[in-house]
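Here is the structure we will look at.
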Amino acid sequence: MDGRVVKGTSFTNLRDAGDPVEQAAFYYREGADELVFLDIGATPEARDTMVNVVEKVARQVFVPLCVGGGLRNINDMRRMLQAGADKVSVNTAAVQNPGLLREGAAIFGRQCMVLAIDARRSGDNNATGWEVYTHGGRKPTGINALEWIKEAVDMGAGEILLTSWDADGHRSGYDNELNRAVSELVAVPVIASGGAGTLEHLYQALSLGRADAVLAASIFHYREYSIRQAKEYLAAKGIPVRLQ
Amino acid sequence: MVSIYRIAASNDGERTSLPPLFLTAMNRKSKTIAVINYGAGNLGSVANALAKLGYMPLITSSVPEVLNAHAVFLPGVGAGGDTMQSLEASGMTAAVLKLVELQRPLFTICVGLQVLLSSTEEDGEHKCLGIIPGKVRKLPQGLKIPHMGWNQVRQTINHPVFNGIPDNTYFYFVHSYYANPSDSSSVAGVTEYGIEFCSMLIKGNLFATQFHPEKSGEAGLKMYSNFLKYALS
């Protein structure tokens, strides 16, 4: 059986996260299955900093690295991949130019192309739906999230990093209706993100939400739980995970 | 674009990292590890893993340099047909065949394993190197494809390359196609994903993994380290 993944962390703000290279090495040693760097920042200086971080991390972390946030074009992606990222994630740039996914998949392979999406529940509860928000969750687009995800996968996205706008930051569990709807919709892996406050939440996203992987930031970042604890908890619940 | 690293491992397995000029004079005593650069693949990750182990691989697109190396890595990411084209265009098809003929230690990864077979059905039928008889087929429908994530490798033979790596250890996979050798004589490991497929091959001094040891944490590093100890001894 496929080992499900407990993803390391997202670095939502590099300035506050301490030394990202040290953090990454720490999570690697703790047994993270993958590391995701998000919200790099949109300025050229921020991107240069990130390239440097990725290069350093790739020399000491031997699990997959995904980098995203602020990548606008093929050149931005190429720089990150050459620096040592295994995958790049795009969000706003892909909404503005869906061709970017097709182009990226053709050049780098679809396994490199992660669609990151912030999905917010629509007001009308009868029509169970979610709307795509861009620009770090600040800007509504009027686009139906499920339709967009389907299109993005057709274009070349090889993985979905799915963040619930509603659940993110509340630490009261993932939006598992959303996770399940997306996981059943597409045939590529779905990473659940946003809302983890307890280890049970991770379990729920993988069971109820049928996600292929879970991403958590704050519960690991503030050392409430170690990655090892999370994995042992999931293993005891019957979820296949990699224990070192 | 690619930085060139120079050598490192000495005969007795002691690791040294010396500046390039000095090493030129040392070549006869030390051993060269080449990572083939054929314009594709994640060679940086493989080189990083080897550097972490204390070796300094030579990343090269030169056929003579590859043929002169004591151990060679062929990285891979992407489609089988494209990879064959890139190998052909860079002259590496003949080089890889020659390495096998010479029984030179060779480690090929992911699509680098797939190209060893007779042919692949990825993007239409493409002829491959034919070193291992058999075909490369698409993973069955029903599970998520690509098969992307950690999965277990059941060791089907005993070999020093598995030293210190327990049976059924998790390794990192990213692929949509799998190798289906026509006989099991070179199969060294298998993995289950919808079906049971060959995830590792060993034939003499030729080693190949469908998974990415360079992205498989400490177990992957251990496998590279075992291979190099075996290859350079």
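FYI, it's all coordinate maths here, none of it is from the lab. Since the structure is predicted, the reported quantities are computational estimates derived from the model, not experimental observations. Here Cβ is always computed from backbone atoms with ideal geometry, including for glycine, and neighbour counts include all displayed protein chains.
Remarks
- Considering only beta bridges that DSSP places wholly inside chain A, some 20 percent are antiparallel.
- Couplings for segment A:67-76, taken from phi via the Karplus curve 6.51 cos²θ - 1.76 cosθ + 1.60 with θ = phi - 60°, read 10, x, x, x, 7, 10, 8, 4, 5, 4 Hz in order; Gly and Pro are left as x.
- Fewest-first ranking of A:38, A:115, B:53, using other Cβ atoms within 10 Å as the exposure measure: B:53, A:38, A:115
- Unit charges on C-beta of K, R, D, E only; dipole of chain B, Debye: 560
- Put simply, the C-alpha atoms of the protein assembly as shown give a gyration tensor, and the ellipsoid matching it has half-axes of 37, 23, 22 Å, longest first.
- Our summary gives chain A a relative contact order of 19 percent, counting only alpha carbon pairs under 8 angstrom and 6 or more residues apart.
- Along the axis of the charge dipole computed for the protein assembly as shown (Cβ charges of +1 for Lys and Arg, -1 for Asp and Glu, origin at the Cα centre), the listed residues A:97, A:214, B:106 are led at the positive end by B:106.
- The charge dipole of segment A:167-236, taken about the Cα centre with unit charges on the Cβ atoms of Lys, Arg (+1) and Asp, Glu (-1), comes to about 200 debye, rounded to the nearest 20.
- Residues of segment A:56-87 with amide N under 16 Å of a point placed 7 Å along Cα→Cβ from residue B:82: A:74-75, A:77-79, A:81-82, A:86-87
- Working note: Karplus 6.51/-1.76/1.60 with θ = phi - 60° gives segment A:193-198 the couplings 9, x, x, 5, x, 9 Hz, where Gly and Pro are set to x.
- Dipole of segment A:5-236, positive end: most advanced residue of A:123, A:53, A:176 [Cβ charges, Cα centre]: A:53
- Nonlocal amide H pairs with residue B:136, under 5 Å, H built at 1.01 Å: B:119, B:120, B:121, B:180
- Extended-chain gain in nm, criterion 0.36 nm per residue less alpha-carbon gap, residue B:67 and residue B:230: 56.8 nm
- Between segment B:68-145 and segment A:22-38, the Cα center-to-center distance that results, in Å: 31
- Treating r as the C-beta distance of residue A:19 and residue A:147 and R0 as 35 Å, the FRET efficiency rounds to 0.30.
- When chain B is treated as a Gaussian network with alpha carbon springs shorter than 10 Å, the biggest mean-square fluctuation among B:38, B:193, B:170 belongs to B:193.
- Grouping the Cα pair distances of chain A into 10 Å bins from zero gives a pair-distance distribution of 8, 34, 39, 18, 1, 0 percent in increasing distance order.
- Rg to Rh, two decimals, where segment A:40-107 supplies the alpha carbon set and Rh follows Kirkwood: 0.96
- Residues whose placed amide H lies under 5 Å from that of residue A:143, excluding near-sequence neighbours: A:132
- Using alpha carbons only: equivalent-ellipsoid semi-axes of segment B:20-232, gyration tensor based, whole Å: 26, 20, 15
- For chain B, relative contact order (Cα pairs under 8 Å, six or more residues apart, normalised by length) works out to 18 percent.
- Segment A:160-203 and segment B:193-231 have Cα centres spaced 33 Å apart.
- In sequence order, calculated HN-Hα J values of segment B:143-154 (Karplus, 6.51, -1.76, 1.60; Hz; x Gly/Pro): 9, 5, 10, x, 6, 10, x, 8, 8, 8, 10, 8
- Longest site-free stretch - chain B; sites: GluC sites (Glu not before Pro), DSSP loop, at most 15 other Cβ within 10 Å: B:126-233
- Reachable lysines from residue A:237, criterion Cα separation under 17 angstrom, eight or more residues apart if same chain: none
- Residue pairs exceeding 25 angstrom between C-alpha atoms, taken from B:98/B:229; B:52/B:229; B:135/B:222; B:144/B:215; B:31/B:135; B:98/B:203: B:135/B:222; B:31/B:135.
- Total charge dipole magnitude, the protein assembly as shown, about the Cα centre, Cβ charges on Lys, Arg, Asp, Glu only, Debye to nearest 20: 1120
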